Amino acid sequence: MSSAALTPHKSLPERVLHALLFELIALVLFAPLIALMTSQSLARTGVLTVMLSLIAMGWNMLFSAGFEALERRLGWPRTLWVRLLHAGLFELGLLLVMVPLIAWWLHVGLLQALLLDIGLVLLFLPYTLIFNWLYDLARPRVLTRRRRASTNA
């Protein structure tokens with residue numbers, strides 16, 4: 001089996017859809033939690049959440065494209081371990097950008113920002129794993145339905 005068959009190429013519009021779905025669901029799930037964790041106004045943490053989301057969305061598209069290219073090149077099947085590696089490296093990259101932003105925006109020290117970010121990572125690691133797993137399960141069904149609809153049209 002070729003490595004391209006293991007991880008089919010995603011178009012740019014599909015990558016945008018993937019990232020938007022990921023971030024929108026995350027916003028609905030986690031934005032209220034951030035407000036509770038920080039004891040700051042929902043408006044202030046809401047703006048922070050949107051900023052973090054936009055950064056994460058851009059990083060998601062960039063990182064996932066690179067990781068999937070590496071998967072194809074090395075012939076890695078999408079096992080649980082590959083998914084865990086993907087989720088862990090993705091979150092580490094976000095940590096490097098998010099901690100200083102959180103500290104600046106919430107007027108807290110880097111340690112407090114790091115602790116908040118660690119809490120978010122502990123929430124996002126399982127979320128990232130589950131979201132991508134479900135996306136990968138649904139993707140072939142959606143692509144098959146689209147192919148059938150285009151041949152019937």
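No lab work stands behind these numbers, since they all come straight from the coordinates. Since the structure is predicted, the reported quantities are computational estimates derived from the model, not experimental observations. Glycine also receives a Cβ, built like all others from the backbone with ideal geometry; neighbour counts cover every protein chain displayed.
Structure summary
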item: Between 0 and 90°, nearest 10: helix 80-106 axis offset from the chain longest Cα axis; result: 30 degrees
item: Label point distance in nm, L89-R148, each placed 7 Å from Cα along Cα→Cβ; result: 3.6 nm
item: Rounded Å value of the spacing that divides the Cα centres of the stretch 66-115 and the stretch 118-153; result: 19 Å
item: Length added when fully stretched, W104-L54, from 0.36 nm per residue minus Cα-Cα; result: 16.3 nm
item: Environment charge at L137 (Cβ cut-off 13 Å; Lys +1, Arg +1, Asp -1, Glu -1); result: +3
item: Computed over the chain: relative contact order in percent, which uses C-alpha pairs under 8 Å that are six or more apart; result: 25 percent
item: Theoretical gain in end-to-end length, L123 to L21 [0.36 nm per residue, Cα-Cα removed]; result: 35.0 nm
item: Identified option (computed Cα Rg over 2.2 N^0.38 Å; candidates [x] 0.96; [y] 1.17; [z] 1.34); result: [y]
item: Charge-dipole axis of the stretch 1-101 as Lys and Arg at +1 and Asp and Glu at -1 on Cβ define it, positive-most pick from M57, L74, T45; result: L74
item: The chain, helix-only ellipticity at 222 nm - DSSP H runs n ≥ 4, -39,500 (n - 2.57), divided by all residues, nearest 500; result: -31500 deg cm²/dmol
